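The values are calculated or read from the model by the stated rules, or taken from the named source; none is laboratory data. Note that the structure is a prediction, hence the values are computed from the model and not measured. Every residue, glycine among them, receives a Cβ derived from its backbone with ideal geometry; neighbour counts consider all protein chains shown. Just so you know, the surface numbers come from the protein's heavy atoms only, side chains and all, with ligands and any DNA or RNA stripped out. Shrake-Rupley method; radii C 1.70, N 1.55, O 1.52, S 1.80 Å.
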Amino acid sequence: MASIPPNQTIYIRNLNDKIPKDVLKQALYGLCIAYGQVLDIVALKTMKMRGQAFIVFGDITAATAALRQLNGRKIFTRPMQIEYALSKSTLVAQNDGTYRFDQPNQHMSAKQRKQQLGIIGDAREKRRQSNADDEHAAKRRTTEAQDRIAEESSDDDIGPAAPRKQSPSETGTAERPSSTLFVTNLPDTVS
């Protein structure tokens, strides 16, 4: 997996989303000003962006110093997870002359930026793939065990072996559990 190239903007996650936005910005500014000029702090309270912030520094060395020193430091009882932002901020693009005024909102999605940087997939996709592989292996083992049992029982029985019962996932229908409970071998004292 390729790493994200250094950038003037750092991305912070795992922030306490119960803290008011202005208090959070002031606290982040107080922490980051020691490493260099802070141009902007973006901390949104939307559902998608809660617990996250972007801090724009005046130069890359300040951003790198802040990233190294603050990564894992606790703020409001939660350790910050810091990395470089995937793309430069609008403010940096305007300052260095690469901002396109005719297309101000033409940004790549995070998935496109990751593909461009060579970062394939994220942790969720890897977990999803791992879970799918585990389920597939479990189904294969179950099928193999059922086949072995069918072969062993066909050797002892007279006549052809009974057909293997397909699981609900193979037939595409869900079996409904029985509502009747059969209890056997109870002591005589139980009525």
Query raised in the report: Quick one: in region 39-75, which of the residues that are touching a residue at least 24 places away in the same chain (Cβ under 8 Å), more than 13 Å from Y11 (Cα to Cα) and assigned to a strand (DSSP E or B) is least open to solvent (accessible area, probe 1.4 Å)?
Result: I75
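Filter region 57-76 for residues that are aromatic (F, W, Y) and over 20 Å from T90 (Cα atoms) and give the result. It would help to see each step written out before you state the result.
First pass over region 57-76, keeping only residues aromatic (F, W, Y): 57, 76.
F76, the sole residue that qualifies.
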Query raised in the report: So which of P20, P5 ends up being at pLDDT 90 or above and exposed (fewer than 12 other Cβ atoms within 10 Å of the Cβ)?
Result: P20
Query raised in the report: Looking only at region 52-95, which residues are in contact with a Phe, Trp or Tyr (Cβ under 7 Å, 6 or more places away or on another chain) and of a type in the set (D, E)?
Result: E83
Query raised in the report: Which residues, counting only those in region 76-93, are touching a residue at least 40 places away in the same chain (Cβ under 8 Å) and more than 25 Å from the chain's Cα centre (by Cα)?
Result: L91, V92
Requested in this report: Taking I4 as meeting all but one of (1) without any contact (Cβ under 8 Å) to a residue 60 or more places away in the chain; (2) under 22 Å from N95 (Cα atoms); (3) not in a strand (DSSP E or B), write down the number of the exception.
Outcome: (1)
Report summary line: Expected output for region 164-189 (first residue under 30 Å from H136 (Cβ atoms), partner modelled with pLDDT under 75 and surrounded by 10 or more Cβ atoms within 10 Å (Cβ to Cβ), Cβ below 6 Å, 6+ apart or cross-chain) is R164/Q146; R164/A150; A174/P168; E175/P168
Report task. Residue by residue through region 32-49, note down the ones that are farther than 16 Å from A85 by Cβ, more than 24 Å from the chain's Cα centre (by Cα) and of a type in the set (A, V, I, L, M, F, W, C). Result -> I33, A34
